[in-house]
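To keep things clear, I will list the structure first and then write my remarks on it.
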Amino acid sequence: MYLNNYLDYDTVMTTPMQARETQKHTINKRLSVRDALLKLNDLRADAILFVVDDNDRLLGALTDGDLRRGFIKGLTFDTPILDYIQPDPLFVYQDEVHLADLNDLRKRNFLIIPIVDRDKIVVKILNLRINYSVIPADVIIMAGGKGQRLMPLTRDTPKPMLPVGDKPILEHTIGHLSKYGIKNIYISVNYLADKIINYFGDGSDRGLSINYIHEDKPLGTLGSVKLAEDLEHEYVLVMNSDVLTNIDFAGFFQAFIKSGADMAVAASTYHVEVPYGVLEVDGNNLVNSLREKPSYTYYSNAGIYLAKKELVNIIPDDEFYNVTDLMSHLINEGKKVMSFPILGYWLDIGKHEDYRKAQEDIKYISL
């Protein structure tokens, strides 16, 4: 059973860790029932195998229940495993991964899903116990700043590497991104860059691909994006490295796609309560109304952005360029820029009091 009507997703990158996961969940049709039982036993809660031919083409699915039902029908340990399988398993084409459908599959308890190419060759196993979704975007994290306001903490440690709880801020961010199937990450570095590079390396031990963009001079919040080479996807997610958040990246991406916007900006809510009665007056200072102790809600830039990859071409080469410059350019050109409210946790760790708050909050939030 295949799923159609998906948003096109040009590729699902397979890392060494994902390759191991694929091997765990696939079994060649020539192997025995005993071999299948041993593999299923090792998989425990995720006990499902996908039977493939000698070319790794998907033939069917196999669970403990399938083997049990086969034994009840009189099949034996010597019967080929092809006689036990479900011959029409659910799968997803690698160029048709769509967030909404993955969420629906999770609700229907389809948690281990083979991703196949157009020849039905298994290229990856998607474990929805681990991954919330698969977002087809490259990520660029801005981590080159000096963190002046956090001195002396940042004298020998770059701000993104300051620990919050038991891990650095940046590790919280990368871990949260990886839950959404985001694997291709660029980190823009400058100040104490080696501390970041030595800690994360190329990301292969985390099942990720991490590359580094070296800023020889400050390029603003967006200038270094132009230096990212070989972006794989049609969408780019850019975010600051000093943000601690559990934003729903799937919801963010989904809202962006549905809106048809060229760019999306995540927004945090900011509430202001005025402890006095507020007069609303016109240009002649005549009172129109009186609001007693009103409360106002504003949306502020949360430092997380989604954009179509083609917008990278707007960024000038080797020049200081902020995200606000791009937003102004798009608005002036009549392009669509949307906002997405963060309903979960968000904290910009810019000052000492922010850092102290993060250390306390991390005891109670899930990232």
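Below is a table of values for the structure above.
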item: Spin-label pair Asn211/Thr297, simplified geometry with 7 Å Cα→Cβ offset, distance in nm; result: 4.0
item: Nonlocal amide H pairs with Val52, under 5 Å, H built at 1.01 Å; result: Ile27, Asn28, Lys29, Leu59
item: Förster-model FRET efficiency, 45 Å R0, Lys29 and Ser204, C-beta, rounded to 0.05; result: 0.90
item: For Lys195, Lys336, order by how many other beta-carbon atoms lie within 10 Å, fewest first; result: Lys336, Lys195
item: FRET efficiency for Arg20 and Leu90, using Cβ-Cβ distance with R0 set to 22 Å, rounded to 0.05; result: 0.50
item: Aspartates and glutamates whose Cα lies under 12 Å from that of Lys73, excluding same-chain neighbours fewer than 8 positions away; result: Asp83
item: Nonlocal amide H pairs with Val116, under 5 Å, H built at 1.01 Å; result: Val92, Tyr93, Gln94, Val123
item: Order by protection proxy (mean Cβ within 10 Å, highest first), peptides 57-70, 279-292, 133-146; result: 133-146, 57-70, 279-292
item: Sorted by Cβ density within 10 Å, fewest first, the residues Met327, Met263; result: Met327, Met263
item: Candidates Gly260, Gly277, Gly147, ranked by Gaussian network fluctuation over the chain, Cα under 10 Å, top entry; result: Gly277
item: Pairs from Lys293/Lys351; Lys124/Lys183; Lys179/Lys336; Lys309/Lys336; Lys107/Lys183 whose Cα-Cα separation, in the structure shown, is over 21 Å; result: Lys293/Lys351; Lys179/Lys336; Lys107/Lys183
item: For region 305-316, 3J(HN,Hα) per residue [Karplus equation, 6.51 cos²θ - 1.76 cosθ + 1.60, θ = phi - 60°, Hz, x = Gly/Pro]; result: 9, 10, 8, 5, 4, 4, 5, 4, 5, 6, 5, x
item: Residues Asp95, Asp318 arranged by fewest to most Cβ contacts within 10 Å; result: Asp318, Asp95
item: Gyration tensor (alpha-carbon) shape descriptor, region 104-169, a/c threshold 1.5; result: prolate
item: C-alpha center-to-center spacing [region 208-244, region 27-61] in angstrom; result: 40
item: Mean Cβ count within 10 Å, highest first, over the residues of peptides 121-127, 196-202; result: 121-127, 196-202
item: Packing-based ranking, highest mean first, of 342-351, 219-228 given that Cβ atoms within 10 Å are counted; result: 219-228, 342-351
item: Relative contact order (%) - region 16-127, alpha-carbon pairs under 8 angstrom, separation at least six; result: 27
item: Answer label, with Cα Rg over 2.2 N^0.38 Å calculated from the coordinates and candidates (1) 0.98; (2) 1.04; (3) 1.20; result: (3)
item: Additional length obtainable on full extension of the chain from Lys73 to Leu111, 0.36 nm per residue less Cα span; result: 10.9 nm
item: Aspartates and glutamates whose Cα lies under 13 Å from that of Lys357, excluding same-chain neighbours fewer than 8 positions away; result: Asp348
item: Centroid-to-centroid separation of region 297-351 and region 126-170 [C-alpha atoms, Å]; result: 19
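Here, each number is a calculation from the coordinates, and none is a lab measurement. Given the structure is predicted, the values throughout are model-derived calculations rather than measurements. Because the Cβ atoms are built from the backbone with ideal geometry, glycine has one as well, and the counts that use them run over all protein chains shown.
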